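J.: Dumping the structure here so I can ask a few things about it.
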């Protein structure tokens, strides 16, 4: 299921840590990037390699909002609505995101291009409201900034998906 190059990367990552289990999150992220989500097979392989029980891997996945048990869109949009972001308009921004994309929390657009999630904290309180799209962070978010970002991402896609 996982490519030989990813399994080799796993070995390299594990070797960098004094405790194998410390490599768990990086392994999960690399596997998710390859597979599209953290499948049962990925959980079993990571657990075996870092020498923990699979339930311990599942617990880690549950803690981190950037890890997904099910496939998400090509662009996973995460909007922080925790207290700092909420006080600076995150609720309104999130509602705008829902309308713009035509989906609700934890849903994916029919074309598979965008997923949307409301998350607790992205660690960017000084730049609230904040959002993350895949691994890119955006701060001082407004509906207009969101619209511009979405349009730029759509431009990167082949015409058949638009």
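J.: I'm told residue 33 meets every condition in (1) exposed (fewer than 15 other Cβ atoms within 10 Å of the Cβ); (2) outside the structural domain of residue 135 (by TED's automatic domain parsing); (3) closer than 25 Å to residue 136 by Cβ; (4) in contact (Cβ under 8 Å) with a residue 12 or more places away in the chain except one. Can you identify the failing condition by its number?
T.: Single failed check for residue 33: (4).
J.: Looking at residue 109 and the list (1) touching a strand residue (DSSP E or B) at 6+ places or on another chain (Cβ under 9 Å); (2) buried (at least 19 other Cβ atoms within 10 Å of the Cβ); (3) over 18 Å from residue 144 (Cα atoms), which single condition is not satisfied?
T.: Of everything listed in (1) touching a strand residue (DSSP E or B) at 6+ places or on another chain (Cβ under 9 Å); (2) buried (at least 19 other Cβ atoms within 10 Å of the Cβ); (3) over 18 Å from residue 144 (Cα atoms), residue 109 misses just condition (2).
J.: Assigned to a helix (DSSP H, G or I) and outside the structural domain of residue 44 (by TED's automatic domain parsing): does that describe residue 150?
T.: So residue 150 passes the test.
J.: Hey, any hits in the range 150-162 for a residue that's under 18 Å from the mean Cα position of the chain (by Cα) and either closer than 25 Å to residue 27 by Cα or free of Cβ contacts under 8 Å to residues at least 40 places away in the same chain (or both)?
T.: Within the range 150-162 (the criterion being under 18 Å from the mean Cα position of the chain (by Cα) and either closer than 25 Å to residue 27 by Cα or free of Cβ contacts under 8 Å to residues at least 40 places away in the same chain (or both)), the answer is no, since none of the residues qualifies.
J.: Scanning for something assigned to a helix (DSSP H, G or I) and outside the structural domain of residue 33 (by TED's automatic domain parsing), does the range 115-122 turn up at least one residue?
T.: So far as the range 115-122 goes, no, none of its residues is assigned to a helix (DSSP H, G or I) and outside the structural domain of residue 33 (by TED's automatic domain parsing).
J.: Here is a follow-up. Hey, does the range 8-19 have a residue that's assigned by TED's automatic domain parsing to the domain that holds residue 157, part of a loop (DSSP other than H, G, I, E, B) and surrounded by 13 or more Cβ atoms within 10 Å (Cβ to Cβ)? It would help to see each step written out before you state the result.
T.: Step one: filter the range 8-19 for residues assigned by TED's automatic domain parsing to the domain that holds residue 157, giving none.
Looking for residues that are assigned by TED's automatic domain parsing to the domain that holds residue 157, part of a loop (DSSP other than H, G, I, E, B) and surrounded by 13 or more Cβ atoms within 10 Å (Cβ to Cβ), one finds none in the range 8-19, hence no.
J.: Still on this model: Please specify each residue of the range 127-141 satisfying the condition of being in contact with a helix residue (DSSP H, G or I) (Cβ under 8 Å, 6 or more places away or on another chain), over 15 Å from residue 86 (Cβ atoms) and touching a residue at least 24 places away in the same chain (Cβ under 8 Å).
T.: Listed by number, the list holds a single entry, 133.
J.: Shifting gears a bit: Being closer than 28 Å to residue 26 by Cβ, in contact with a strand residue (DSSP E or B) (Cβ under 7 Å, 6 or more places away or on another chain) and not assigned by TED's automatic domain parsing to the domain that holds residue 24: is that true of residue 101 here?
T.: no
J.: I'm trying to understand the selection: among the residues of the range 122-137, which are closer than 23 Å to residue 36 by Cβ and in contact with a strand residue (DSSP E or B) (Cβ under 7 Å, 6 or more places away or on another chain)? Spell out the reasoning first.
T.: Narrowing the range 122-137 to residues closer than 23 Å to residue 36 by Cβ: 122, 131-137.
122, 131, 132, 133, 134, listed by residue number.
J.: Of all residues in the range 87-100, which are touching a residue at least 24 places away in the same chain (Cβ under 8 Å) and either under 19 Å from the mean Cα position of the chain (by Cα) or not in a loop (DSSP other than H, G, I, E, B) (or both)?
T.: Residues satisfying the conditions are 87, 90, 92, 93, 94, 96, 97, 100.
The values are calculated or read from the model by the stated rules, or taken from the named source; none is laboratory data. Predicted model only: the values in this text are computed from it and were never measured. Backbone-built Cβ (ideal geometry, glycine too); neighbour counts: all protein chains shown.
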